[in-house]
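Student: So that we are looking at the same thing, I have put the structure below in structure tokens.
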Amino acid sequence: MLRVIFLSLWGLGAFIPIGLKAESHNNLWLRGTLTYIPSDKFRIETEFQHRRQNGLSNKNLLDETLLYSYRNWIRYRHNKTVHFSVSPFAYFANYRVIRKSSDVGADPRREIRFSAAIDLQHEILKNFYISNRNFVEYRLFTHGEQDIVRYRNRLGFRYDIGKKIKLNIYDEILLNVTGVTKEHLFDHNRAGIQFEYSILPNFKMDIGYMHISRLPLNNMDMLTENNFVFNFIYEINRPKKERKTSAT
């Protein structure tokens with residue numbers, strides 16, 4: 001039954017617009033997460049993120065600033081299958097995608113976000129998992145723009161290669177539920193592959209590639225993005241019980 005639900009939700013990808021003009025960009029996503037674990041049920045995370053993008057007439061993915069962000073998460077593990085997450089506060093500074101000369105050096109679009117998510121996971125074969133994440137976020141813009149409620153659904157598959165390495169393949173659809181015209185119901189789609197490596201018991205790194213098809217709010221020209229992703233996660237105090245089961 002879980003597989004049927006996951007695959008049905010993944011069918012939301014049918015909302016992706018086709019036949020629109022596409023423009024390609026190269027980006028680098030960097031994220032660092034500091035995690036405090038008060039018990040085997042709860043995790044409290046502080047997340048910092050920085051993204052870079054190519055310039056006007058080049059493909060150098062380090063050339064210009066794309067985003068800065070800060071976000072807190074409170075996560076609760078109900079059981080091995082169901083996890084809940086709440087982000088009571090997040091701040092984002094979104095810089096313009098460089099498409100013309102006036103985009104270079106322009107002031108960022110600032111926003112505050114409040115988010116909630118539920119993650120479902122099911123082991124279908126030994127060390128092979130299917131997962132689904134339902135995510136709702138409220139985007140409050142600081143310059144008087146219309147607030148947006150955005151829904152996200154992510155379907156993924158994970159294979160554990162031993163105790164230290166995990167391979168993740170996923171696709172995520174993002175839809176604007178309120179605050180936009182019907183033409184912009186589709187926000188963007190993310191398809192990616194990611195390797196997670198546990199360097200130390202309390203320190204791990206994610207390396208991956210993500211392809212994004214994005215429809216900007218201010219026009220109907222589709223953008224495609226090649227994103228190279230690096231995430232670093234450090235856990236301040238992991239309970240002894242969790243250290244023994246970190247591979248799950």
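The values are calculated or read from the model by the stated rules, or taken from the named source; none is laboratory data. Worth saying up front: this structure is predicted, and the values here are computed from it rather than measured. Neighbour counts run over all protein chains shown; Cβ positions are idealised from the backbone, glycine included. The area values use the complete protein model at the heavy-atom level, side chains included, leaving out ligands, DNA and RNA. Shrake-Rupley method; radii C 1.70, N 1.55, O 1.52, S 1.80 Å.
Student: Is it true that some residue in the stretch 105-128 is of a type in the set (Phe, Trp, Tyr) and more than 26 Å from Leu28 (Cα to Cα)?
Tutor: Initially, the stretch 105-128 is screened for residues of a type in the set (Phe, Trp, Tyr), giving 114, 128.
Now restrict to residues that are more than 26 Å from Leu28 (Cα to Cα): 128.
The answer is yes, given that some residue of the stretch 105-128 is of a type in the set (Phe, Trp, Tyr) and more than 26 Å from Leu28 (Cα to Cα).
Student: Being open to solvent by 50 Å² or more (accessible area, probe 1.4 Å) and assigned to a strand (DSSP E or B) is the filter; apply it to the stretch 101-115 and report the residue that is farthest from Lys59 (Cα to Cα).
Tutor: If we filter the stretch 101-115 for residues that are open to solvent by 50 Å² or more (accessible area, probe 1.4 Å), which is where we start, we get 101-102, 104-105, 107, 109-110, 114.
Imposing the further condition that a residue be assigned to a strand (DSSP E or B) reduces the set to 109-110, 114.
On the way: Arg109: 23, Arg110: 26, Phe114: 33 Å.
Once the filter is applied, the top-ranked residue is Phe114.
To keep it simple, each residue is scored yes or no on (1) crowded, with 18+ Cβ neighbours inside 10 Å; (2) part of a loop (DSSP other than H, G, I, E, B); (3) of a type in the set (Ser, Thr, Tyr).
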position: Asn189; (1), (2), (3): yes, no, no
position: Lys204; (1), (2), (3): yes, no, no
position: Leu217; (1), (2), (3): no, yes, no
position: Tyr234; (1), (2), (3): no, no, yes
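Student: Has the stretch 136-153 got any residue that is assigned to a strand (DSSP E or B), at pLDDT 95 or above, more than 21 Å from Arg71 (Cβ to Cβ) and open to solvent by 50 Å² or more (accessible area, probe 1.4 Å)?
Tutor: no
Student: Could you pull out the residue among Tyr197, Tyr209 that is surrounded by fewer than 14 Cβ atoms within 10 Å (Cβ to Cβ), in contact (Cβ under 8 Å) with a residue 24 or more places away in the chain, outside any loop (DSSP other than H, G, I, E, B) and hydroxyl-bearing (Ser, Thr, Tyr)? Let's see the steps before the verdict.
Tutor: Details: Tyr209 fails: in contact (Cβ under 8 Å) with a residue 24 or more places away in the chain.
Criteria check complete, one pass: Tyr197.
Student: Can you list residue pairs whose Cβ atoms sit under 6 Å apart, with the first residue in the stretch 30-50 being open to solvent by less than 80 Å² (accessible area, probe 1.4 Å) and the second being of a type in the set (A, V, I, L, M) and in a strand (DSSP E or B)? Count only pairs 6 or more apart in sequence or on different chains.
Tutor: Thr33/Ile233; Ile44/Ile74; Thr46/Leu34; His50/Leu30
Student: Looking at the stretch 166-187, is at least one residue of a type in the set (D, E, K, R), in contact (Cβ under 8 Å) with a residue 60 or more places away in the chain and not in a strand (DSSP E or B)? Steps first, please.
Tutor: Let us first name the residues in the stretch 166-187 that are of a type in the set (D, E, K, R), namely 166, 171-172, 182-183, 187.
Now narrow it down to the ones that are in contact (Cβ under 8 Å) with a residue 60 or more places away in the chain: 171.
Those left that are additionally not in a strand (DSSP E or B): none.
Within the stretch 166-187 (the criterion being of a type in the set (D, E, K, R), in contact (Cβ under 8 Å) with a residue 60 or more places away in the chain and not in a strand (DSSP E or B)), the answer is no, since none of the residues qualifies.
Student: Test of understanding: among Ile37, Ile5, Ile16, which residue is among the β-branched types (Val, Ile, Thr) and at pLDDT 90 or above?
Tutor: Working: Ile5 fails: at pLDDT 90 or above; Ile16 fails: at pLDDT 90 or above.
After ruling out the rest, the residue left standing is Ile37.
Student: Check Thr81 against each of (1) surrounded by fewer than 18 Cβ atoms within 10 Å (Cβ to Cβ); (2) over 30 Å from Leu200 (Cα atoms); (3) touching a residue at least 40 places away in the same chain (Cβ under 8 Å) and name the one condition it does not meet.
Tutor: Thr81 satisfies every listed condition except (2).
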